[in-house]
């Protein structure tokens, strides 16, 4: 599964947040990592990396986090560095469950 960038922008309440979720299909000596980077847009971010013993467990965690963020009104969008001027379109995410 590719890396996923999500944003939630609500100007009325000064809310500008993002989540970046990545698994990148890498295995380490101890397992399969999933990294989540989150915070306010254009400010310092925090990150969490969890390592799972199997790829299936890592994928399940990644999908769970994606569902949770979408339930909280986050939208999957292109990262800001890939957007053109004024381009803030949401992108369609295709999830393939293996």
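The values are calculated or read from the model by the stated rules, or taken from the named source; none is laboratory data. The shown structure was predicted, so the numbers you read here are calculated from the model rather than taken from an experiment. Cβ: placed from backbone, ideal geometry, glycine included. Neighbour counts: every protein chain shown.
Tabulated data
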{"item": "So residue 81, is it in a helix (DSSP H, G or I), at pLDDT below 90 and either surrounded by 13 or more Cβ atoms within 10 Å (Cβ to Cβ) or out of contact with any helix residue (DSSP H, G or I) (no Cβ under 7 Å at 6 or more places or on another chain) (or both)", "result": "yes"}
{"item": "Of all residues making up region 57-72, the number that are more than 11 Å from residue 19 (Cα to Cα), touching a strand residue (DSSP E or B) at 6+ places or on another chain (Cβ under 9 Å) and surrounded by fewer than 16 Cβ atoms within 10 Å (Cβ to Cβ)", "result": "3"}
{"item": "Selected residue (criterion: modelled with the lowest pLDDT) from residues of region 27-53 that are loosely packed, with under 11 Cβ neighbours inside 10 Å and either part of a loop (DSSP other than H, G, I, E, B) or in contact with a helix residue (DSSP H, G or I) (Cβ under 8 Å, 6 or more places away or on another chain) (or both)", "result": "28"}
{"item": "Where residue 70 falls short, out of the listed (1) in a loop (DSSP other than H, G, I, E, B); (2) within 17 Å of residue 3 (Cβ to Cβ); (3) at pLDDT 90 or above", "result": "(1)"}
